[in-house]
Amino acid sequence: MESHYPLRINRYQIRYGSGGEGQYKGGDGLVREFEFLAPATVTLLTERRIHQPWGLEQGGDGALGENQLNGEPIAGKTCFQVQPGDVLEIKTPGGGGFGKN
């Protein structure tokens, strides 16, 4: 991405603990942090920011996803302008767990 767009990837890691509990734990999401190096237009089309991924057969729900621009929450589906130095953090939701623990 860095070679095609005017941004720097500051962080790309597993979001440990975001998967729901259960006999079979839900998968953990990701954390991605981008720092913009030039003015740009950004469009986000993300899911599970209001309703958690549900667990099945008494498994726990996964964590909600989160989006932040410069530390402030932003909507899951939005379009906005960024300036050099702006930081976008995207936390994907965790998967729901399956079965009683």
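Nothing in this text is a laboratory measurement; each read-out follows from the coordinates by a stated rule. Just so we're clear, the structure is a prediction, and the values are computed from it rather than from any experiment. Cβ coordinates were reconstructed from backbone atoms using ideal geometry, including for glycine residues, and neighbour counts include every protein chain displayed.
A few points about this structure:
- Sparsely packed loop sites in the chain (the trypsin sites (Lys or Arg not before Pro) outside DSSP H, G, I, E and B with at most 16 other Cβ atoms within 10 Å) comprise Lys100.
- For segment 7-91, relative contact order (Cα pairs under 8 Å, six or more residues apart, normalised by length) works out to 34 percent.
- Put a dot 7 Å past the Cα of Leu37, heading toward its Cβ, do the same for Tyr16, and the two dots end up 3.0 nm apart.
- Formal net charge of residues neighbouring Leu7 (Cβ-Cβ distance under 15 Å; K, R +1; D, E -1): -2
- Cβ-based net charge around Gly99, under 14 Å, with every Lys or Arg adding one and every Asp or Glu removing one: -1
- For the pair Ala75 and Arg8 in one chain, pulling the backbone fully straight at 0.36 nm per residue adds 21.9 nm over the alpha carbon distance.
- Environment charge of Gly55, counting only residues whose C-beta is closer than 12 Å and scoring Lys/Arg +1, Asp/Glu -1: -1
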